[in-house]
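Down below is the structure, laid out as structure tokens.
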């Protein structure tokens, strides 16, 4: 074989290898290290009492708040950095992050096909609710909770999720419901990979949260009130 042909073949091989490396290096959400967690639940209100005379007839209007057993919440902050690594996790350079942006993802499934990510389909919600014994007509079902489609656009890896195309909510700020808006804080959106439901909340960089504390994210996820053991949720983070 003459040298010009050898050089040509070598060049083609190099281009193929570089092309393959480019496809395998595409960014996608990665699992974080959970450094700290603190879990709490509210104390039920004590019994209310009323005293009425014998022989009386009393009509009551009772107002009660019951802690839902179909949802649980996660709030907190994110630290991290950008790195340029090879397949063995050796770094050639990294960058400290001072302003946190990106997304936190959560799912009951440990393996997500990120290449197939999209807005959650109604069929996926139905499957998830059946799996968690959640009645779709309940006020706090998944489909009724995420009844709006207002959110800002974002990327999952290289896949664009366009603004206001998926089911979404914005969790509370200062104990108060937010008006649906693409500029609202702590937006949460429902995605799937054609099979498995994924919750994603957009990172907001130390904003006032539900109790006026400063958080990067707030997230609610569905839970079964009947399962003897609570569902594990798997988390991923994508910084931008």
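We did not get these values from a lab; they are worked out from the coordinates using the rules stated. Computed from a predicted model, the values in this text were never measured in an experiment. No Cβ is skipped: glycine too gets one built from the backbone with ideal geometry, and neighbour counts run over all protein chains shown.
General remarks:
- Residues considered: 90, 199, 74. Largest GNM mean-square fluctuation over the chain, using C-alpha springs under 10 Å, is found at 90.
- Among the listed options [x] 1.06; [y] 0.97; [z] 1.36, the one matching Cα Rg over 2.2 N^0.38 Å as calculated from these coordinates is [z].
- In terms of surrounding Cβ atoms within a 10 Å radius of their Cβ, 139, 188, 223 rank from fewest to most as 139, 223, 188.
- Within the listed set 95, 71, 114, the Gaussian network model of the chain (springs between alpha-carbon atoms below 10 Å) gives the highest mean-square fluctuation for 95.
- Between residue 225 and residue 56, the C-beta separation translates, for a Förster distance of 30 Å, into a calculated FRET efficiency of about 0.20.
- Gaussian network model of the chain, springs between alpha carbon atoms under 10 Å - residue of 53, 228, 106 with greatest fluctuation: 53
- In the calculated pair-distance distribution of the range 73-187, the portion above 23 angstrom amounts to 45 percent of the Cα-Cα pairs.
- Where only DSSP H runs of four or more residues are counted, the chain gives -4500 deg cm²/dmol as its mean residue ellipticity at 222 nm, each run worth -39500 (n - 2.57).
- The range 57-131 and the range 156-201 have Cα centres separated by 10 Å.
- With R₀ set to 30 Å, the beta-carbon distance separating residue 240 from residue 135 gives a calculated FRET efficiency near 0.20.
- Each Cα pair under 8 Å and six or more residues apart adds its sequence gap; the mean of these over the residue count of the chain is a relative contact order of 27 percent.
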